[in-house]
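K.L.:
Quick one: the structure is below, and I'll ask about it shortly.
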Amino acid sequence: MKIRNRNERISVLLCTQGTYPYSSGGVSTWCDLLCRQLPDVDFTLYALTGQPQTTTLYTFPENVLKTIAVPMWGMQHPAEYVAQHLTLKDMRERERLTTPERIEHVFVPNLRILVRSILAPNPSLTKCGRALYDLWKYTQVYDWNLSWKAALTWEAFTDEVTSIVESLPEIYPRNEAPTLHDMNSMLRMLYHLLMCLNAPLPRTSIVHSTLAGFAGIAGILAKYEYGTPLVVTEHGIFVREQYMYISQEKAFSPFAKRFLISFSNLICRLMYATADVISPVCDYNKRWELRFGAEEAKVERIYNSIDTEFFQPHPKPPETERFPTVVAATRVFPLKDIETMLRAAALVRDRISNVRFIVSGSITDEPEYFARCKALMEKLRLGRNFTFAGLAERSHKIYTAGDVSVISSVSEAFPFAVLESMACGVPVVATDVGGIREVLQGLGVLVPPRNPEALAEGLIQLLTDESLRKSLATSARNEVVAKYHKDVFTNDYLELYKRLFA
């Protein structure tokens with residue numbers, strides 16, 4: 001059944017964070033495929049970004065009606081980018097209405113509930129969700145900056161934090177007690193991470209969040225305001241990746257790490273509790289979702305799929321035909337663990353001197369990490385053997401330039417790079433993380449993460465055994481064509497949308 005009349009069409013608010021349409025990668029590929037493959041569904045993009053100066057990397061199909069960009073950093077006032085719908089007169093009126101009494105009696109009580117929900121054990125998710133909604137309602141009338149920067153807000157925040165920490169010494173030991181700097185930093189972090197409370201919230205048939213993270217707060221608000229059904233699709237598990245990032249960040253104090261991890265944990269649990277359907281892209285993710293409070297009855301796994309007619313085997317091009325070549329389609333990003341790939345490349349080079357590694361993917365997402373990788377590449381003397389090719393158009397050419405493709409990630413869900421490479425007849429050596437095993441076992445080589453020696457051995461095995469490469473290439477291509485064709489993916493989501501729409 002086609003839904004033709006605009007008023008009868010399904011409309012979806014598609015929520016992203018640091019991905020589509022401003023960055024490349026698997027989640028962005030998924031979003032673009034979803035929008036293009038469902039032309040009878042209207043999409044509004046709701047994109048949380050790091051900085052306001054963003055450039056769209058994609059050309060949208062006609063059913064993508066609008067993009068709401070919500071930068072969390074780099075602004076003096078949300079009205080610069082997030083609340084652009086406000087006129088100067090509107091802003092002045094909000095400032096006039098934001099009196100100390102309003103801050104004390106409306107803003108501060110909800111902030112206290114939020115802080116208690118973050119720091120105290122076993123918070124009420126219902127109270128927390130309502131507090132976020134009430135803060136959003138407050139922000140529709142009163143000024144964001146004046147409220148967060150008021151002396152009353154600072155006093156309430158420090159009082160709440162101090163009270164909770166002192167009452168729970170078994171959780172917050174005295175040697176990790178927050179300093180004034182810690183509390184100032186965490187209040188500022190809340191100001192930025194909750195910037196979505198300033199953004200417009202259009203009414204749509206469904207909200208579909210690509211993670212159980214801060215972008216998904218829009219789905220919680222829409223549930224309270226409009227009763228909108230919420231779908232959460234987990235790619236990489238948001239809370240797990242936050243644990244990995246925050247715990248390794250040297251700039252954060254022990255208290256700051258605990259605060260930010262707890263906040264991420266809280267938002268994740270709140271998303272699972274609010275969602276009507278949780279649709280992980282692999283069974284591996286389901287285990288994490290259940291661990292963080294998801295109801296099993298809500299979980300409906302939908303695997304990623306690809307266009308197997310677009311991704312097909314082709315002969316190697318002349319520029320790589322003379323060399324044993326390893327390719328990777330990946331962003332240069334800490335979770336992709338390019339440093340382990342570089343160390344493995346050096347070990348492969350020591351055995352196969354003319355090997356070439358070509359990494360196709362954005363090098364601008366994490367400039368500091370890319371600089372680290374470049375320094376390691378020079379230290380390992382890989383200049384002739386390893387190339388960062390930068391962002392490339394997604395096509396078979398990324399994969400068919402190589403004999404083998406590689407994934408070195410420490411965290412993945414169900415990566416498109418595995419499916420695309422298999423469809424192109426290029427066998428894969430990948431770390432055994434996330435849902436990779438679900439598609440690759442018996443059809444490629446799996447190795448432990450953060451183990452350059454094992455990664456190198458897997459690559460050498462395939463590079464030196466042409467018969468094995470050809471056998472895996474044929475079996476892998478057949479598997480993807482049979483199970484992961486794009487129509488399977490889009491039909492599952494269309495049926496899900498129709499069910500919630502009804």
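The values are calculated or read from the model by the stated rules, or taken from the named source; none is laboratory data. These numbers were taken from a predicted model, which means no experiment stands behind them. Methodologically, a virtual Cβ is constructed for each residue, glycine included, from the backbone with ideal geometry; neighbour enumeration extends over all protein chains shown.
K.L.:
Of Ala215, Ala222, Ala199, which residue is under 18 Å from the mean Cα position of the chain (by Cα) and surrounded by 20 or more Cβ atoms within 10 Å (Cβ to Cβ)?
P.N.:
The match here is Ala215.
K.L.:
A follow-up question, please. With respect to Ala297, determine if the residue is surrounded by fewer than 23 Cβ atoms within 10 Å (Cβ to Cβ) and either modelled with pLDDT of 95 or more or within 22 Å of the chain's Cα centre (by Cα) (or both).
P.N.:
In short, yes.
K.L.:
Here's something else I'd like to know. Could we say that Glu378 is of a type in the set (Asp, Glu), more than 30 Å from Leu38 (Cα to Cα) and part of a helix (DSSP H, G or I) here?
P.N.:
Judged against the criteria, Glu378 is a match.
K.L.:
Give the residue that is farthest from Phe333 (Cα to Cα), with candidates limited to residues of the range 381-408 that are buried (at least 24 other Cβ atoms within 10 Å of the Cβ) and among the hydroxyl-bearing types (Ser, Thr, Tyr).
P.N.:
The qualifying residue farthest from Phe333 (Cα to Cα) is Tyr399.
Matching residues to (1) crowded, with 20+ Cβ neighbours inside 10 Å; (2) among the hydrophobic types (A, V, I, L, M, F, W, C):
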site	(1), (2)
Ser24	yes, no
Leu34	yes, yes
Leu48	yes, yes
Thr59	no, no
Leu88	no, yes
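K.L.:
Right, something else. Within the range 470-484, which residues are touching a residue at least 12 places away in the same chain (Cβ under 8 Å) and surrounded by fewer than 18 Cβ atoms within 10 Å (Cβ to Cβ)?
P.N.:
Result: Thr474, Ser475, Glu479, Val481, Lys483.
K.L.:
Okay, moving on. For the range 231-263, name all the residues that are out of contact with any helix residue (DSSP H, G or I) (no Cβ under 6 Å at 6 or more places or on another chain) and among the acidic types (Asp, Glu).
P.N.:
The answer is Glu241, Glu249.
K.L.:
Is there a residue in the range 225-234 that is surrounded by 20 or more Cβ atoms within 10 Å (Cβ to Cβ), modelled with pLDDT under 95 and on the phi < 0 side of the Ramachandran plot?
P.N.:
yes
K.L.:
Confirm whether Trp136 is hydrophobic (A, V, I, L, M, F, W, C), at pLDDT below 95 and either outside the structural domain of Ile220 (by TED's automatic domain parsing) or within 27 Å of the chain's Cα centre (by Cα) (or both).
P.N.:
Criteria not met by Trp136.
K.L.:
Follow-up. Looking at the range 286-296, which of its residues are in a helix (DSSP H, G or I) and under 14 Å from Val232 (Cα atoms)?
P.N.:
Within the range 286-296, Lys286, Trp288, Glu289, Leu290, Glu296 meet the criteria.
K.L.:
Give the residues of the range 235-286 that are among the charged types (D, E, K, R), surrounded by fewer than 18 Cβ atoms within 10 Å (Cβ to Cβ) and free of Cβ contacts under 8 Å to residues at least 24 places away in the same chain, sorted by residue number.
P.N.:
Result: Glu249, Lys250, Lys257.
So that you can scan it fast, the table gives a plain yes or no per residue for (1) in a helix (DSSP H, G or I); (2) in contact with a Lys or Arg (Cβ under 9 Å, 6 or more places away or on another chain); (3) buried (at least 20 other Cβ atoms within 10 Å of the Cβ):
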| position | (1), (2), (3) |
| --- | --- |
| Asp42 | no, yes, yes |
| Thr56 | no, no, no |
| Ile118 | yes, no, yes |
| Tyr133 | yes, yes, no |
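K.L.:
Scan the range 343-354 and tell me whether some residue there is part of a loop (DSSP other than H, G, I, E, B) and among the acidic types (Asp, Glu).
P.N.:
Looking for residues that are part of a loop (DSSP other than H, G, I, E, B) and among the acidic types (Asp, Glu), one finds none in the range 343-354, hence no.
K.L.:
Give the residue that is farthest from Phe255 (Cα to Cα), with candidates limited to residues of the range 187-223 that are basic (Lys, Arg) and without any contact (Cβ under 8 Å) to a residue 40 or more places away in the chain.
P.N.:
The qualifying residue farthest from Phe255 (Cα to Cα) is Arg203.
K.L.:
Moving to a separate point now. If I ask for residues that are of a type outside the set (Phe, Trp, Tyr) and under 25 Å from the mean Cα position of the chain (by Cα), which ones from the range 365-382 would you list?
P.N.:
Within the range 365-382, Asp365, Glu366, Pro367, Glu368, Ala371, Arg372, Cys373, Lys374 meet the criteria.
K.L.:
Still on this structure: I'm checking my understanding of the structure. Among residues of the range 412-454 that are in contact with a strand residue (DSSP E or B) (Cβ under 7 Å, 6 or more places away or on another chain) and of a type in the set (Asp, Glu), which one is farthest from Lys470 (Cα to Cα)?
P.N.:
Asp432
K.L.:
Return a yes/no flag: does the range 306-324 have any residue that is crowded, with 19+ Cβ neighbours inside 10 Å and without any contact (Cβ under 8 Å) to a residue 60 or more places away in the chain.
P.N.:
No, every residue in the range 306-324 fails to be crowded, with 19+ Cβ neighbours inside 10 Å and without any contact (Cβ under 8 Å) to a residue 60 or more places away in the chain.
K.L.:
Scanning for something in contact (Cβ under 8 Å) with a residue 24 or more places away in the chain, of a type in the set (Gly, Ala, Ser) and assigned to a loop (DSSP other than H, G, I, E, B), does the range 167-181 turn up at least one residue?
P.N.:
yes
K.L.:
So which helices (runs of 4 or more DSSP H) stay within the range 217-285 end to end and still have 3 or more residues that are touching a strand residue (DSSP E or B) at 6+ places or on another chain (Cβ under 8 Å)?
P.N.:
In the range 217-285, 217-226, 254-274 are the helices (runs of 4 or more DSSP H) which contain 3 or more residues that are touching a strand residue (DSSP E or B) at 6+ places or on another chain (Cβ under 8 Å).
K.L.:
Quick check, is Thr126 surrounded by fewer than 13 Cβ atoms within 10 Å (Cβ to Cβ), assigned by TED's automatic domain parsing to the domain that holds Phe252 and in a helix (DSSP H, G or I)?
P.N.:
So Thr126 fits the description; yes.
K.L.:
From (1) surrounded by 14 or more Cβ atoms within 10 Å (Cβ to Cβ); (2) at pLDDT below 95, pick out the condition that doesn't hold for Val355.
P.N.:
Of everything listed in (1) surrounded by 14 or more Cβ atoms within 10 Å (Cβ to Cβ); (2) at pLDDT below 95, Val355 misses just condition (2).
K.L.:
Which residue pairs have Cβ atoms under 6 Å apart, sit 6 or more places apart or on different chains, and have a first residue in the range 102-114 that is among the charged types (D, E, K, R) and a second that is surrounded by fewer than 18 Cβ atoms within 10 Å (Cβ to Cβ)?
P.N.:
As it stands, the answer is Glu104/Leu152, since those pairs meet every condition given.
K.L.:
Here's a follow-up. Of all residues in the range 455-469, count the ones that are among the small types (Gly, Ala, Ser) and surrounded by 13 or more Cβ atoms within 10 Å (Cβ to Cβ).
P.N.:
2
K.L.:
Can you find even one residue in the range 207-229 that is in contact with a Lys or Arg (Cβ under 6 Å, 6 or more places away or on another chain) and among the hydrophobic types (A, V, I, L, M, F, W, C)?
P.N.:
No, because not a single residue in the range 207-229 is in contact with a Lys or Arg (Cβ under 6 Å, 6 or more places away or on another chain) and among the hydrophobic types (A, V, I, L, M, F, W, C).
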